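Take a look at the structure below.
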Amino acid sequence: MPLALVALAIGAFGIGTTEFVIMGVLPEVAGEFGVTIPTAGWLVTGYALGVVLGAPLLTVLGTRVSRKKMLILLMVLFIVGNVLSAVAPVFGLMLVGRVVASLAHGAFFGIGSVVAADLVAPEKKASAISLMFTGLTLATIVGVPLGTHIGHTAGWRVTFALVAVLGVVGLLGVAKLVPATGRPTGGGVRSEFAAFRNVQVWLAMAMTVLGYGGVFAAITYITPMMIEVTGYSAGAVTWLLVLFGIGMFAGNLIGGRFADRALMPLLFTTLGALTLTLLLFTVTAHNQVLAAVTLTLIGALGFATVPPLQKWVLDQAAAAPTLASAANIGAFNLGNALAAWLGGIVIAAGLGYTSPNWVGALLSGTALLLSFLAAHLNRRSRAAGAAAAREPGDRLPAATH
């Protein structure tokens, strides 16, 4: 595998770390700026909304320049955003920094996937893309817990400063190791948008928003939940995030392994189990052992939905894979933003730190219902197509007499 993939993986590691580490230091950030926990949750919501807007916008703009140059520009945005977050004197400026950093997220993974696949032989494309996304997975196991620990001991500003340094390393790696490429070729922006006329594309993205949003409803406020309800110390949150990351890593492997074999049955199973687990979390959050086990399961079930959801979107938007890929990453983050906002509302209403789990269960349960609808529409479409294909043959014998 080319060393350029390592540079892409480092960038993915930094992006994954800055996305999730805010949950581990949310109380410290809220305390320093003198805002409530729900208000601090806007740092999660703002980031997610930035991905939603930035993914398709910057992917489309990226068709005008070479992919290598676009990756470099995206890493610059990422660095600037994290530096702003690290030095922000007021909450509003930190929110701006989070949004700036988020703009790089979706387009980096969308364009980076294409670059990774182009670096290797056709039979190794999937492995190359997987290696790049390993950086994101490792961020949940290593980067986020380590960043949380640093935030609790040296201060959250140090965490974001170190993430900015990771961005510099990724930038230098891309500039040095990724080969120069020409401007992307293809059918252009119009053909990319044409795939979105298919109602199944929108239905698939709605499943993405609600399905993975259920995870973020609980995870956004996991630190105050584990400290105030479960009775863990602030330092223990680091290890709980490790367990969550291990669950995500395992779920990603399971989802990737079975998505090609039985996509919809896998999606029914994972979304159903995720809904039930989130409901149970309102109870198990009161016991330290059960809470740790449940948190691991949420990570596994949540990320097991990612490969089938991603594949379903791409199957329904086969004519526009690049934009659909970036838009789906935006859809995941729209779910994150929606869940963080709704979770903040129920906490602010005085329903307690476990109440976002009910929100998450409602979101994932709705995604499960949409998956049944999507499967029904797909079966009906296939049946109609099969009937239309048989009609000429059915009429042929009569025409020969």
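In the chain, helical runs assigned H by DSSP with n ≥ 4 each contribute -39500 (n - 2.57); averaged across all residues and rounded to the nearest 500, the mean residue ellipticity at 222 nm is -27500 deg cm²/dmol. When the chain is treated as a GNM with alpha-carbon contacts under 10 Å, the residue of Gly299, Gly143, Gly256 showing the greatest mean-square fluctuation is Gly256. Taken along its principal axes, the alpha carbon cloud of the stretch 229-287 reaches lengths of 43, 22, 10 Å, longest axis first. Label separation (Val158 vs Val293): 3.6 nm, computed from points 7 Å beyond Cα along the C-beta direction.
Consider a paramagnetic label point 7 Å from the Cα of Leu61 along Cα→Cβ; state which residues of the stretch 93-116 have an amide N under 17 Å from it. Taking a point 7 Å out along Cα→Cβ of Leu61, the residues of the stretch 93-116 whose backbone N falls under 17 Å are 96-112.
Stretched out straight at 0.36 nm per residue, the stretch from Gln200 to Ala349 would grow longer than its current Cα-Cα span by 50.0 nm.
Per residue, the accessible area of the stretch 194-329 comes to 36 Å² when a 1.4 Å probe rolls over the protein heavy atoms.
Candidate values [x] 23.9; [y] 20.7; [z] 21.5 were compared with Kirkwood radius over Cα pairs in Å computed on the shown model; the agreeing label is [z]. Heavy-atom accessible area, probed at 1.4 angstrom with all protein chains present, ranks His152, His376, His105 as His376, His152, His105, highest first. On the chain, 71 percent of the accessible area sits on carbon and sulfur atoms, based on a 1.4 Å probe. Working note: Karplus 6.51/-1.76/1.60 with θ = phi - 60° gives the stretch 101-112 the couplings 5, 5, 4, 7, 4, x, 5, 4, 6, x, 6, x Hz, where Gly and Pro are set to x.
Evaluating kT/(6 pi eta Rh) at 10 °C and 1.306 mPa s, with the Kirkwood radius of the stretch 65-155 over Cα pairs in the Stokes-Einstein relation, gives 107 µm² s⁻¹. Length gained on full extension, Ala117 to His286: 56.3 nm, using 0.36 nm per residue less the C-alpha separation. Within the listed set Gly106, Gly302, Gly62, the residue fluctuating most in the Gaussian network model of the chain (springs between alpha-carbon atoms under 10 angstrom) is Gly62. 3J(HN,Hα) couplings calculated from phi for the stretch 325-340 with the Karplus curve 6.51 cos²θ - 1.76 cosθ + 1.60 (θ = phi - 60°) are, in sequence order, 4, 5, 5, 5, 4, x, 5, 4, 6, 5, x, 4, 5, 4, 5, 4 Hz; Gly and Pro show x. Stokes-Einstein, applied to the Kirkwood radius of the stretch 18-113 over Cα pairs at a viscosity of 1.002 mPa s and 20 °C, places its translational diffusion at 157 µm² s⁻¹. When the GluC sites (Glu not before Pro) in the stretch 6-82 are filtered for DSSP coil states and for at most 12 other beta-carbon atoms within 10 Å of their beta-carbon, no site remains.
For the stretch 41-71, backbone nitrogen atoms closer than 18 Å to the point 7 Å from Ala180 Cα along Cα-to-C-beta are found at 64-71.
The values are calculated or read from the model by the stated rules, or taken from the named source; none is laboratory data. A quick note: this is a predicted structure, and the numbers were derived from the prediction, not measured. Reconstructed Cβ throughout: ideal geometry from the backbone, glycine too, with neighbour counts over all protein chains shown. The area values use the complete protein model at the heavy-atom level, side chains included, leaving out ligands, DNA and RNA. Shrake-Rupley method; radii C 1.70, N 1.55, O 1.52, S 1.80 Å.
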